[in-house]
Structure formats: C-alpha cells, structure tokens
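K.L.:
Sending over a structure as structure tokens; questions will come in a sec.
A short reminder: the numbers here are calculations on the coordinates, not readings from a lab. Quantities reported herein were computed from a predicted structural model and do not represent experimental measurements. Reconstructed Cβ throughout: ideal geometry from the backbone, glycine too, with neighbour counts over all protein chains shown.
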C-alpha cells in the first residue's frame with residue numbers, strides 16, 4: 001500500500017510539473033514577445049513547439065513503453081524534461097527558445113504517456129477512477145498555480161525563472177523516481193514488434209509537423225501544399241498501421257471498439273475547443289484590459305482551481321455511474337462558457353470573465369476524469385501503454401489544433417504584426433470568431449461523447 005501511494009505521489013508531482021509550466025508560460029508570453037521582438041505567429045510557436053513534439057512522440061513512446069517497460073521510459077522522460085527546461089532558461093533568442101521547447105515536449109511525452117499506465121498497473125480496477133482523478137487533479141492544480149506563480153515571478157523577477165524553477169523541480173524528483181521505480185522488467189506481457197513498426201512511425205513524425213506548420217502559412221499556395229502533403233503522409237501511416245502485424249498505433253482498436261473510438265475522439269475535440277482559452281485570455285487581459293501579469297494570473301486561476309477541486313469527485317463518480325453522462329454534460333458546460341467568451345469587449349467586467357472561467361472549469365472537470373477512465377477501462381491490460389499514449393496523443397493533438405485555429409485567425413487578422421501593436425478592435429474581432437468556432441466544436445464533441453455506448457466494467 002505504501003509503495004502504491006509513493007508511485008501515485010510521484011506520478012501526480014510529475015503531472016503537476018508539466019501543467020504548471022504550460023500555464024505559467026502563457027502568462028509570460030507578452031513579456032517574451034517584448035524581450036525577443038516576436039510577431040504574433042512566432043509567439044504562438046512558443047506554445048505550439050512544445051505541443052507538437054509531445055504529440056509526435058506520444059504514440060511511439062507508448063509502444064516503446066509496452067516493449068521495454070513503462071517505468072524506464074518514465075525516468076528517461078524526467079531527465080530529458082529537466083535538461084530541456086534548463087536550456088530554455090538559458091535561451092538568448094526566440095528561435096532558441098522555440099527549439100528547446102520542442103525538446104522539452106519530447107521529455108513531457110515520455111512522462112505523460114507512461115504516468116497513467118503506471119497507475120492502472122499498480123491499482124485494482126475499482127480504484128482506477130479515483131487514482132486517475134487524483135492524477136488529473138494534480139494536472140489542474142499545476143494549471144491553477146501556474147497563472148498565479150507565473151504572473152508573480154514574471155512581474156517581480158523574469159520569465160526565465162519559470163524554466164529554472166521547472167528544471168530544479170524536475171531534478172529533485174529524479175532521485176525518488178529512480179528509487180521507487182526500480183523494477184526494470186516489463187510490467188505487461190511481451191509485446192511483439194519488428195522494424196516495420198518503427199518505419200511506419202517515420203511517416204507520422206514527418207506528416208504531423210508538416211500539417212501543423214501549414215496552418216501558419218495559409219492562405220498561401222505553399223501552405224496548402226504543405227497541408228495536403230502532411231495529410232497524405234498521415235493517411236498513409238494509418239493505412240499501413242491498420243495492415244501491420246505489429247503496429248505502433250493500434251488502429252484496429254478504433255475499428256473494433258466503439259467506446260474506445262468515440263472516447264478518444266471526444267478527448268480530441270474537448271481539448272481542441274478549450275486549450276486556447278488561457279492563451280487568448282492572457283493576451284486579452286494584458287493587452288485590452290491593461291492588467292499586469294500578476295493581475296491576469298489571479299483571474300485566470302479560477303478555471304484550473306475549479307478543475308482541481310472537482311476532478312477527483314467526478315473520477316470517483318465515474319466508477320459508479322456511466323462516465324458518458326458526466327463527460328457529455330461537461331462538454332455542454334464548456335460550450336456555454338466558450339460562447340460567453342465570444343461577447344468580450346473592452347468594457348467587459350472582471351466578474352463576467354471569472355464566471356465564464358468557473359463554468360468552463362467545471363465542464364472540463366466533468367469531462368476529463370470520466371473520459372480517461374472510460375478509455376483505460378475499455379481495453380485489456382496488454383494495451384495499457386498504448387491506450388495511455390493514444391489518450392495523451394488525443395489531448396495534445398487537440399491542444400495543437402486549438403492553437404492552429406488561433407494561428408489561422410492571427411494570420412488572417414494580424415498578418416505578421418506583433419500582438420501588442422494590433423488595435424484592440426481588430427484583436428477583439430479575431431477573438432470573437434475564435435471563441436465562436438471553439439464553442440461549435442464543443443457541441444460536436446458533446447454529441448460524440450453521449451453516443452459512445454455503455455461501458456461494461
């Protein structure tokens with residue numbers, strides 16, 4: 001029992017670290033823009049580079065974890081993340097920061113893929129919802145502290161301190177990780193693979209960045225060429241994986257398991273709709289409302305605090321009732337909140353913004369833990385690593401798509417002009433369209449979530 005609790009604590013702390021840094025960086029973006037003289041598209045890549053590398057490596061890492069052992073991969077991920085965080089802090093240009101954020105995302109992929117798989121291997125089925133809820137709550141606790149501490153640190157010290165702090169925390173938890181996770185043998189039964197397994201992955205590693213980068217090049221011709229090339233490579237990858245005897249990405253699970261398919265699609269859509277909220281509101285509060293990073297952080301904290309409070313509760317509820325009811329209701333709350341954000345103006349009250357953040361936070365809490373419980377409970381034990389990796393991939397892909405939607409509207413409305421040089425009227429017009437699109441996407445996700453089917457325990 002003590003051993004299992006130590007593992008839960010370790011996974012929770014590592015989950016907290018990644019989410020804390022992500023939300024803290026969002027608050028620091030206007031300061032980073034000024035220090036490195038970045039335009040609006042370059043600024044968005046400070047976030048997107050991290051998400052892109054995470055998405056690229058989640059699937060192959062999930063397979064690799066099933067082959068060599070998820071605990072080994074977890075420890076390697078902590079090392080990579082800590083080193084990359086230090087390099088981010090030592091960056092001297094926006095280009096360097098984007099590159100090191102990319103490597104930081106690789107470390108995050110190693111950790112976030114294997115964390116949930118480690119938990120479900122250590123705890124019995126009747127406790128999965130509870131421990132996954134605690135893990136998700138740790139993520140949201142990091143999201144909650146990120147805006148507050150990020151705003152304070154950026155205001156009084158410097159944004160680079162955020163990365164120094166992350167490197168320090170990552171280094172500290174390395175020692176208990178290597179002490180607690182001593183079992184180096186594979187946790188599950190032997191998973192077969194061959195050279196073709198990883199050859200197919202190359203198509204994914206090439207296709208995804210082309211697809212995402214193309215969104216920043218619209219509506220130019222070469223942007224569409226990159227988009228179609230990336231889409232073709234990804235389609236070919238899925239085709240080969242479906243035929244492969246030892247796939248890195250279990251495509252067949254999607255065709256054979258309706259609950260697994262719809263739950264992953266719901267996760268993809270949920271994060272596509274909600275991730276850009278903090279990014280956009282951070283810019284809105286500091287640009288349009290003229291708040292300091294510290295003041296903006298104190299407002300944005302309301303969403304993740306609500307998420308952190310209610311995620312363990314919804315996780316436990318999903319062990320007793322059908323998760324799809326909770327998840328679908330959560331998507332409805334998110335859609336209402338996003339629709340409300342589309343009405344923001346220069347004179348919108350802070351109370352109105354906080355109320356919407358509370359609504360969205362409650363909606364995400366209702367969705368996340370029950371949906372993750374459904375995904376992990378809908379597959380057999382041998383696929384825990386891949387299911388965990390796939391779920392994490394859906395989350396990060398959704399976050400990337402959310403940022404891509406933002407990037408497309410930034411290109412259309414701002415061009416390559418820096419955000420702080422854009423007139424408020426133009427910024428608010430772009431923001432309105434972004435939130436309307438995200439609200440509509442959330443409605444689609446709610447429908448998919450509800451019709452996923454009944455989960456058999």
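K.L.:
What does the highest-first list of 365-371, 304-310 look like by mean Cβ count within 10 Å?
P.N.:
365-371, 304-310
K.L.:
Could you check the spin-label model distance between residue 205 and residue 231? Points 7 Å from the Cα along Cα→Cβ, value in nm.
P.N.:
Here the answer is 2.6 nm between the modelled labels.
K.L.:
State the extension gain, in nm to one decimal, for the chain segment bounded by residue 158 and residue 34, taking 0.36 nm per residue of separation less the distance between their alpha-carbons.
P.N.:
This chain segment gains 43.4 nm when fully extended.
K.L.:
Further question on the same structure: With each pseudo-label sitting 7 Å past Cα toward Cβ, what's the residue 447-residue 424 distance in nm, one decimal?
P.N.:
3.8 nm
K.L.:
Ok, one more. Starting from the Cα-Cα distance between residue 321 and residue 224, subtract it from 0.36 nm times their residue separation and give me the gain in nm to one decimal.
P.N.:
30.4 nm
K.L.:
Rank by packing, highest mean first: peptides 16-22, 413-419, with packing defined as the count of other Cβ atoms within 10 Å averaged across residues.
P.N.:
Highest mean packing first, the order is 16-22, 413-419.
K.L.:
Okay, next question. What's the ranking of 270-279, 89-98 by average number of surrounding C-beta atoms within 10 Å, highest first?
P.N.:
The densest-packed peptide leads the list: 270-279, 89-98.
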